[in-house]
Amino acid sequence: VSAADPTIGVFDSGFGGLTVLRALIARAPQARYAFIGDTARLPYGSKSSRTIARYAAQSARFLVEEQGAEYLVIACNTASALALDAIKEAVPSSVSVIGVIEPGAEAAHRASKTRDVLVIGTDATVQSHAYTAACRARGLRVLEMACPLLVPLVEEGWNSHPVTTDVLRIYLDKLSKEASAQGLKPDTLVLGCTHYPLLRPLIEQIIPSEMKIIDSAESTADKLMFHLCHDLPAPRKPTPDDLFLRCFATDSVEKFERLGSRFLGRPTGKIELVDLGG
Ligand code: DGL
């Protein structure tokens, strides 16, 4: 990593966004990364848009003003759906801000043959209908469903727990029945929350095998690479030790250190506690 490498700030309400960071590191290991999980105020998914916008703007400013981020990846569907404009306003216009909704909808558009897609996410994401708007703009029919119990289960590390399987089965059965009742023939399921990729193995056991799963972490990372291609020097085959990554959390540092590596697919290193104020 050299001073010329771009700094990419990645933000989520918790650890879920580490799945996006993982996809980014796989594509651009030579960049400098700063990640913040606003664990003190998680979950965002049950809060109002005003509160989510205020919290998200504070994290965005921290990444830009204190960590020097030139790119911001909003690795949280809830904040992307409800606070993208507030985040853009909170940072200088020279900072590129990328959310996860548009890349997710774009990937669903590429994947679906029936043009009918299902989306699961937090209450706030679903109520915002951001996915419905983004999918409809691409000619897709969409059915969204909130699955509020999933984020706490993932944050608890219950990624393969029988209780989580039962909860998922209840949500996905309901979604599938509702889709049939509406005459939809969905062939694509969008994981509209950055915590859900951790549940992918369980989800794959429940849904029909021909159903495609969209993990917006992958499509978001691809989109950032498109923005970065001018700024990014060629990779110098970095070793894992060469990775420049600082991880911050607003609370639960110990839990973050314990569980974060599962999301990131590598050790997170030391998590630094940060106080973003009110
Ligand atoms: N990871 C966030 C998302 O993608 C949800 C977690 C929360 O509710 O704070 O929507």
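Coordinate-derived values only; no laboratory data. Fair warning: this is a prediction, and the values are worked out from it, not measured in the lab. Here Cβ is always computed from backbone atoms with ideal geometry, including for glycine, and neighbour counts include all displayed protein chains.
Figures for the structure shown
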read-out: Mean Cα-pair separation over length for region 144-278, i.e. relative contact order, pairs under 8 Å, 6 or more apart, %; value: 19
read-out: Between 0 and 90°, nearest 10: helix 77-90 axis offset from the chain longest Cα axis; value: 40
read-out: Most mobile listed residue (A181, A221, A137) in the chain, GNM with C-alpha springs under 10 Å; value: A181
read-out: Kirkwood-type radius of region 46-179, with distances r between different C-alpha atoms, in Å; value: 16.2
read-out: Principal axis dimensions, largest first and in whole angstrom, of region 87-163 by Cα; value: 44, 37, 21
read-out: Rounded tilt (10° steps) of 253-264 against the dominant C-alpha axis of the chain; value: 70
read-out: Of I74, I101, I203, the one that fluctuates the most in a GNM where the chain has Cα springs shorter than 10 Å; value: I203
read-out: Length added when fully stretched, S49-D275, from 0.36 nm per residue minus Cα-Cα; value: 79.2 nm
read-out: D242 versus E210: modelled label distance in nm, points set 7 Å from Cα along the beta carbon direction; value: 4.5
read-out: Kirkwood hydrodynamic radius over Cα pairs of the chain, then Stokes diffusion coefficient at 4 °C and 1.567 mPa s, in µm²/s; value: 69
read-out: Residue among D215, D116, D166 with the largest mean-square fluctuation in a Gaussian network model of the chain, springs linking Cα atoms under 10 Å; value: D166
read-out: Mean separation of Cα contacts under 8 Å (6+ apart) over length of region 140-222, as relative contact order %; value: 33
read-out: For region 1-105, size of Cβ-based charge dipole, Lys and Arg +1, Asp and Glu -1, in debye; value: 240
read-out: Relative contact order computed over region 104-162 (Cα-Cα under 8 Å; 6+ residues apart), in percent; value: 37
read-out: Cα-derived Rg to Rh of region 57-119, Kirkwood definition; value: 1.10
read-out: Charge tally in the Cβ shell below 11 Å around C193, where Lys, Arg are +1 and Asp, Glu are -1, C193 excluded; value: -3
read-out: Listed residues G192, G9, A31: farthest to the positive end of the dipole of the chain (Cβ charges); value: G192
read-out: In degrees, nearest ten, helix 162-181 long axis to first principal axis of the chain (Cα); value: 60
read-out: All Cα pairs of region 132-230, percent lying beyond 18 Å; value: 53
read-out: Dipole moment magnitude, nearest 20 debye, the chain about Cα centre, only Lys, Arg, Asp, Glu C-beta charged; value: 540
read-out: Along principal axes, Cα extents of region 1-48, largest first, whole Å; value: 39, 18, 15
read-out: Spin-label pair R169/R258, simplified geometry with 7 Å Cα→Cβ offset, distance in nm; value: 2.8
